[in-house]
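Only one structure is covered here, and it is reproduced in the block below.
The values are calculated or read from the model by the stated rules, or taken from the named source; none is laboratory data. In this text the structure is predicted, and so the values were computed from the model without any measurement. Positions of Cβ are generated from backbone atoms using ideal geometry, with glycine treated the same way; all protein chains shown enter the neighbour counts. All accessible areas refer to the heavy atoms of the entire protein, side chains included, with ligands and DNA or RNA removed. Shrake-Rupley method; radii C 1.70, N 1.55, O 1.52, S 1.80 Å.
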Amino acid sequence: MSTGRRLLRGAAWIYGAQIATIVTQFAYAAVTSRLVTPAGFGAYAVALTVTGLVTLLATGGLGQTVSRMLDLNRDRLRALVSYALILGGVGGSALYFSAPFWTWLWGVDEALEPIRWLSIIGFVSPFIGLSTGLMARSGKFRQLALITVASNVMGMAVGAIAVMTWQSASSLVVSGALAQLLILGGSLFATDRQLLGLAKLKHGHGDIGFSGKLMFASFLSYLTGNITKFSLTRAVGAATLGHWNRAEVVSVIPFQHIQNALIKAAYPEFRHDIADAHRAKRVWTDMLILTAWIAFGLSACGAALIPPLVPVVFGPGWEIAASLAGPLAIAGGLQIVTTLLASGIEALGRFRWVWSTDAILISLQVGAAALIFLYEDIFVAIVAIFLTNIVRHAWQVWLAGRGGYLNVPRLLQNYLLAASVSASLGAIIWAIVKLASMSGDHPSEWFWTLSLAAVVVFALFIFREKIPAVVIARQYGFIPKRSSQ
């Protein structure tokens, strides 16, 4: 099987699981958003953000570390298990006992109990990262997908019952915590006892060194992603963060599922480019072009389609979330492309590139935070998200191009074309939605709506072989090549 087919198959299995999770998550969100107030979701969002920091540090990049291993040596793997035990113990304990500090820092007392319950995730996260990373490195995408979807669905089912019973911010924790525990159990069972046992840390000295650098890089990335959220909570209020959280569920989170599936499948392949950039200049450029066409197109469609669905899914009272959903959907598409390149750079071990990027972005976020406190406007944070993604990617494209990993002129030309086509597609879909909302019951009123939709579908079908994404997909075997007859 070609590398392209193998990557596609792996990503397809993982994303298939993510699709099932997204569908269930929409149902779960529809239930919980009617039972818990925006302030309750704000406290839950604070707890998730705080836990995210501890989880990033406690995980130590173990999933990425094992994914890039050229040799899956037993002693090296078990040294990482010992390391995970230390990280989990320290991380889980630190999160539990520091909960009062975090609630004071964020100014949200209701987040205390959710943070303490989420300390369970802080303890198990290193083992989850290690075991799922090993499954991806071993090509066990099907098993990983099935374990993930079963765990998430069961977690949300039990979590919905918990929310209906207690209707509190703490009850929102049940779904994620239970899902993580189930994923841990399933992935440990599926790794054929490779992680059952401990070894001295010296056997994984090089791997732990890479993990430590990744931990610091993850901390900087965390600051980049959460300074504006902190500012919103302190300057505007926890309820605003609750609206942001709900908007992310229907806009950013689906794109993050695509991103996670893609990176989980692609990350082990980056190890082939650690010593030589020759292959990367062609493959990485094609990979980013293909991803951009898909991500930009999906985000443009999402920006047009998702906002009208928010009141239907969440019920009344979530108007701010609806106004945020469109811009966040576009940001979610951009993030797929930017994170893919950042993951490749990370896998190469080019941490100076990673740290210089984070230094620039943290400076940008601090400036945005100051403006949020000054104007108390949530849309300052939206602008900051777009700038963060654009600046991050521009800087890393320049670095990678200078290092011989990208064909920058060809990449930028295709980015411009993909963005133009996607923006046009999004505008057409927005017009279709508007026409549909204004159409009545008479068939003639639907004529222009259906005609416009038909023209779009027909044009995409006719010119499909001219789209660079289709050309690249055929070249790498993602889709079958056309017959010469």
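Some values worked out for this structure:
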{"quantity": "Residue check for Arg193: of a type in the set (Lys, Arg), more than 14 Å from Tyr28 (Cα to Cα) and assigned to a helix (DSSP H, G or I)", "calculated": "no"}
{"quantity": "Matching entry among Val163, Val124 (being among the β-branched types (Val, Ile, Thr), open to solvent by less than 30 Å² (accessible area, probe 1.4 Å) and over 24 Å from the mean Cα position of the chain (by Cα))", "calculated": "Val163"}
{"quantity": "Any pair with Cβ under 6 angstrom, 6 or more apart, that starts in the stretch 257-275 at a residue that is surrounded by 21 or more Cβ atoms within 10 Å (Cβ to Cβ) and ends at one that is of a type in the set (Phe, Trp, Tyr)", "calculated": "Ala261/Tyr15"}
{"quantity": "Any pair with Cβ under 9 angstrom, 6 or more apart, that starts in the stretch 299-322 at a residue that is outside any helix (DSSP H, G or I) and ends at one that is among the polar types (S, T, N, Q)", "calculated": "Gly315/Ser33; Gly317/Ser33; Gly317/Thr37; Trp318/Ser33"}
{"quantity": "Residue in the stretch 398-420 that is within 20 Å of Ile330 (Cα to Cα), touching a Leu at 6+ places or on another chain (Cβ under 9 Å) and open to solvent by 80 Å² or more (accessible area, probe 1.4 Å) present", "calculated": "no"}
{"quantity": "Positions within the stretch 74-119 being within 13 Å of Thr51 (Cα to Cα) and among the acidic types (Asp, Glu), in sequence order", "calculated": "Glu113"}
{"quantity": "Subset tally (residues that are charged (D, E, K, R) and open to solvent by 30 Å² or more (accessible area, probe 1.4 Å)) for the stretch 285-327", "calculated": "1"}
{"quantity": "Checking Phe216 against (1) aromatic (Phe, Trp, Tyr); (2) farther than 28 Å from Ile86 by Cα; (3) open to solvent by 30 Å² or more (accessible area, probe 1.4 Å), the condition it does not meet", "calculated": "(2)"}
{"quantity": "Flag for Ala329 being in a helix (DSSP H, G or I), modelled with pLDDT of 90 or more, of a type in the set (Gly, Ala, Ser) and in contact with a Cys (Cβ under 9 Å, 6 or more places away or on another chain)", "calculated": "yes"}
{"quantity": "Residue check, Leu188 outside any helix (DSSP H, G or I) and in contact with a Leu (Cβ under 8 Å, 6 or more places away or on another chain)", "calculated": "no"}
{"quantity": "The one condition in (1) free of Cβ contacts under 8 Å to residues at least 60 places away in the same chain; (2) in contact with a helix residue (DSSP H, G or I) (Cβ under 6 Å, 6 or more places away or on another chain); (3) open to solvent by 10 Å² or more (accessible area, probe 1.4 Å) that Leu53 fails to fulfil", "calculated": "(1)"}
{"quantity": "Identity of the residue in the stretch 135-160, of a type in the set (Ser, Thr, Tyr) and within 28 Å of Tyr44 (Cα to Cα), that ends up surrounded by the most Cβ atoms within 10 Å (Cβ to Cβ)", "calculated": "Thr148"}
{"quantity": "Helices (runs of 4 or more DSSP H) completely within the stretch 63-139 that count 1 or more residues being within 26 Å of Ile263 (Cβ to Cβ)", "calculated": "74-97, 112-137"}
{"quantity": "Residue in the stretch 336-355 that is touching a Gly at 6+ places or on another chain (Cβ under 6 Å), over 21 Å from Leu416 (Cβ atoms) and in contact (Cβ under 8 Å) with a residue 24 or more places away in the chain present", "calculated": "no"}
{"quantity": "Lone unmet requirement of (1) open to solvent by 60 Å² or more (accessible area, probe 1.4 Å); (2) at pLDDT below 90; (3) under 19 Å from Gly63 (Cβ atoms) for Lys200", "calculated": "(3)"}
{"quantity": "Single condition Gly209 does not satisfy, out of (1) open to solvent by 20 Å² or more (accessible area, probe 1.4 Å); (2) in contact (Cβ under 8 Å) with a residue 60 or more places away in the chain; (3) closer than 17 Å to Leu56 by Cα", "calculated": "(2)"}
